[in-house]
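What follows is a short report on a single structure.
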Amino acid sequence: VHLMIKPKIGIYRTVYPLCSETFISEQMRSYSQYEPVLICRDLIGVVDEFDVITLAKHWRRLKKIGFTTLGMSNVFDNNAAFKNLSLIHAHFAPDAVLALSLAQKLQVPLVTTCHGSDVMVSDSYLIKSKRLTNWRYLVSREKLMQESSLFIAVSDFLRNAMIQRGYPAEKVVRHYIGIDTTRLVPHKGILPAKGGECFILSVARHTEVKGIDILLKAFARVVRLHPMLRLVQIGGGELTQQLKTLAVQLGIENSVDFLGPQPPEKVLTYIQASKALVLSSRQAQSGAEEAFGLVLIEAAACGIPCIGTNVGGISEALVNNETGFLIETENIEELAEKISVIVSDSDLANAMGKRGREMVCDMFDIKTQTKNLEALYERLS
């Protein structure tokens, strides 16, 4: 049997794996024409399903500084693995700046996926973040715009925002990452430990942009009408304590379960058993906005109706009155009302869930989407 040797591509992420970024490994698993090799500066977990190139252990700290500030790319462990790469695909713009020096050293194209927060936040916020990678991005952004071969925006909203910020229009394509519609399927009948029979779900980091405080205030109204209803919140971040305090102030602490970050399989059982998924995002003071809202299509794939706010690219992941409700941001009353409608009208909820599943299978299946991505690579090689 003649085995086709697939061309290898480097997938670059500075820190990997992060539990809020399963979309990167999901995409890596779905390649059919290429073989991905993971390249990262800081490997913070066990990765056994892909080949990994990471910083050499010896003098690691110095190498990290050299690579991050100057782009010194001779600091990686197994340089032999670099030999066969036909392109490098970096996730997030600040990471792409670091990957650019590697791509240029290897003389291969660099593809950059921008996910939103990386290009939406204001320059002053990036300076204040005191993060070396952000500073390096600011200094090298123009160079990246000129020298990266292709930029992928995860939504039309983000593509427009990038072009407004000076990214060259002819290099920016909108490409939805997609999700695994064979893993994300309607309810398997497993009831998760917390939340019981009847709960709505929030899966979001505890940051300003996610607007979890808006959801808590709306839920306080809903729970008066539906005392058995619970809110399950999965995620963590700098606002955890504030959000827990707000729940106490609203008198709903006994109806809300803050579960912290959870592994994907656990998140899935919660999505499948929920009455609705809510993403009540807002535009943050930093300028950050929800570029797409991947969790909305994950829930829709499981046949769960969704409620999202009309900011950023959320309207691309949700069809108003068909797969769920799109509401104005910061509108606590409207959010409470729509949660009530879904919780009390199971026929409507089921119809929305069914329509959501159809939409995701049509538009966001990861196998189809990754084939489209591989076609973009073809054009570069």
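The values are calculated or read from the model by the stated rules, or taken from the named source; none is laboratory data. Since we're looking at a predicted model, the values are computed, not measured. Ideal geometry is used to build each Cβ from the backbone, glycine not excepted, and the neighbour counts take in all protein chains shown. These accessible areas exclude ligands, DNA and RNA; they are computed on the full protein's heavy atoms, side chains included. Shrake-Rupley method; radii C 1.70, N 1.55, O 1.52, S 1.80 Å.
List of remarks:
- Under 13 Å from the Cα of LYS6 - aspartates and glutamates, other chains or at least 8 residues apart: GLU35, GLU374, GLU378
- Along its first, second and third principal axes, ordered by size, the stretch 1-115 spans 47, 31, 25 Å in Cα coordinates.
- Only Lys, Arg, Asp and Glu carry charge here, each on its Cβ (+1 for the first two, -1 for the last two); on that basis the stretch 146-220 has a dipole of about 120 debye about its Cα centre.
- Extension reserve of the GLU35-LYS64 stretch, reckoned as 0.36 nm per residue once the Cα distance is removed: 7.8 nm
- The order of the peptides 186-195, 159-168 by mean Cβ neighbours within 10 Å, most packed first, is 159-168, 186-195.
- Ligands, DNA and RNA are left out, and with a 1.4 angstrom probe the accessible area of the chain is 45 Å² per residue.
- In a DSSP loop and with at most 13 other Cβ atoms within 10 Å, the GluC sites (Glu not before Pro) in the stretch 1-84 are GLU49.
- The listed peptides 245-251, 307-313, ordered by packing as a protection proxy, come out as 307-313, 245-251 (highest mean of other Cβ atoms within 10 Å first).
- Label selected from (i) 5, 21, 28, 26, 16, 4, 0; (ii) 4, 18, 24, 18, 14, 12, 7, 2, 0; (iii) 5, 23, 31, 24, 13, 4, 0, the criterion being P(r) over Cα pairs in 10 Å bins from 0, in percent as computed here: (iii)
- Full-extension gain in nm, SER124 to ILE190, via 0.36 nm per residue minus C-alpha separation: 19.1 nm
- Shape annotation for the stretch 76-186: C-alpha extents along the principal axes are 42, 42, 29 Å, from largest to smallest.
- Nearest-0.05 FRET efficiency for ASN372 and ALA351, computed from C-beta distance (R0 51 Å): 0.95
- Accessible area of ILE44 in the full protein assembly, 1.4 Å probe (Å², nearest 10): 100
- Near GLY237, the amide H atoms lying under 5 Å from its own belong to HIS206; only residues 5 or more places off or on other chains count, and H is placed 1.01 Å from N.
- Under the combined filter of DSSP loop state and at most 11 neighbouring Cβ atoms within 10 Å, the stretch 276-330 retains these GluC sites (Glu not before Pro): GLU328.
- Lysines whose Cα lies under 20 Å from that of LYS194, excluding same-chain neighbours fewer than 8 positions away: LYS244, LYS266, LYS275
- The chymotrypsin sites (Phe, Trp or Tyr not before Pro) of the stretch 20-89 that DSSP puts in a loop, and whose beta carbon has at most 12 other beta carbons within 10 Å, are TRP59.
- Rounded to the nearest 20, the size of the Cβ-charge dipole of the chain about its Cα centre is 1240 debye, with Lys and Arg at +1 and Asp and Glu at -1.
- Set of lysines near LYS64 by C-alpha distance (under 22 Å), chain-local residues within fewer than 8 positions excluded: LYS83, LYS105, LYS128, LYS130, LYS143
- Coordinate range along principal axes, alpha carbons of the stretch 318-381, Å, largest first: 52, 28, 12
- Cα Rg, Dmax (largest Cα-Cα span) when computed across the stretch 168-237, Å: 17.2, 53
- Measuring nothing but protein heavy atoms, the accessible surface of the stretch 1-122 at 1.4 Å probe radius is 57 percent carbon and sulfur.
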